[in-house]
Ligand SMILES: NC(=O)c1ccc[n+]([C@@H]2O[C@H](COP(=O)([O-])OP(=O)(O)OC[C@H]3O[C@@H](n4cnc5c(N)ncnc54)[C@H](OP(=O)(O)O)[C@@H]3O)[C@@H](O)[C@H]2O)c1
């Protein structure tokens, strides 16, 4: 990268989102690091990024509220650097069979996992006047019928559809792709035993490392001839 550019990563205080932010920082991007509740972790992540020699600032926002997305971009604009990359990583995974899922758990997953990436992409596209890349983090579950997580699964399937639609609409200057991990880090909705059992079912018999997921982002940045695609990084999960 020749001149300084900005990357916005949502849900980046910890775990996968932080790994995406660090990976972009290592590639030389200044980082707008979004978080919602994890203030302490967000501070620490910003310090870690600055120690790499690039600028970083944090933005706190509940992305289920559309007006907060305008607020995110008002802060992005203050940074006065061209926005080149948006990574939509923030997501929630409510648990409950379709017969029992509460309305709130349907709406909140759709609002955060699907509507927010759409609104963020709209705002990002206005600013990516000299080209850019939007990467939506989906899940191998988008291709499955996970009845324990109906709103999550539907939101991620919708996000893959949105990825293709936006890729076509925003071409040729902006590329839009998705990364679909399988198992990386256990969430608090699975026990250690359930996680271990899931891993044993995988053809590759292990969870992905963070580097194996972020290298897909690096690949999408370097290869400028890919748009509208979902890069699956799942250790063979899609085969079972
Ligand atoms: N972990 C895996 O193995 C795995 C596998 C497949 C796909 N994925 C996908 O990869 C992405 C990252 O996964 P992860 O496990 O690292 O996620 P995570 O730990 O669940 O973190 C999700 C992030 O979403 C943010 N968030 C939650 N509610 C929010 C709201 N209302 N507004 C704004 N932000 C909100 C949280 O921010 P705060 O903490 O600041 O509140 C958190 O940083 C997700 O899209 C997930 O679906 C993960």
- Query: List the pairs whose first member sits in the range 21-47 and is on the phi > 0 side of the Ramachandran plot, whose second member is more than 8 Å from the ligand (Cβ to nearest atom) and at pLDDT below 95, and whose Cβ atoms are under 7 Å apart, counting only residues at least 6 apart or on separate chains?
  - Reply: 28/1
- Tell me, which strands (runs of 3 or more DSSP E) lie completely within the range 1-116 with 1 or more residues that are more than 11 Å from the ligand (Cβ to nearest atom) and over 22 Å from residue 159 (Cβ atoms)? 6-9, 30-35, 56-60
- Item | Filter result (surrounded by 15 or more Cβ atoms within 10 Å (Cβ to Cβ) and without any contact (Cβ under 8 Å) to a residue 24 or more places away in the chain) within the range 51-70 | 68
- Please enumerate the residues belonging to the range 140-165 that are more than 14 Å from the chain's Cα centre (by Cα) and closer than 11 Å to residue 229 by Cα. 161, 164, 165
- So which of 181, 186 ends up being near the ligand (Cβ under 9 Å from one of its atoms), over 14 Å from the mean Cα position of the chain (by Cα) and under 23 Å from residue 15 (Cα atoms)? 186
- Task: Go through the range 119-140 and give me each residue that's out of contact with any strand residue (DSSP E or B) (no Cβ under 8 Å at 6 or more places or on another chain) and crowded, with 21+ Cβ neighbours inside 10 Å.
- Result: none
- Query: Here are 21, 56: which of them is in contact with a helix residue (DSSP H, G or I) (Cβ under 7 Å, 6 or more places away or on another chain) and under 18 Å from residue 137 (Cβ atoms)?
  - Reply: 21
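The values are calculated or read from the model by the stated rules, or taken from the named source; none is laboratory data. A quick note: this is a predicted structure, and the numbers were derived from the prediction, not measured. With ideal geometry, Cβ positions are generated from the backbone for all residues, glycine too; neighbour counts draw on all protein chains shown.
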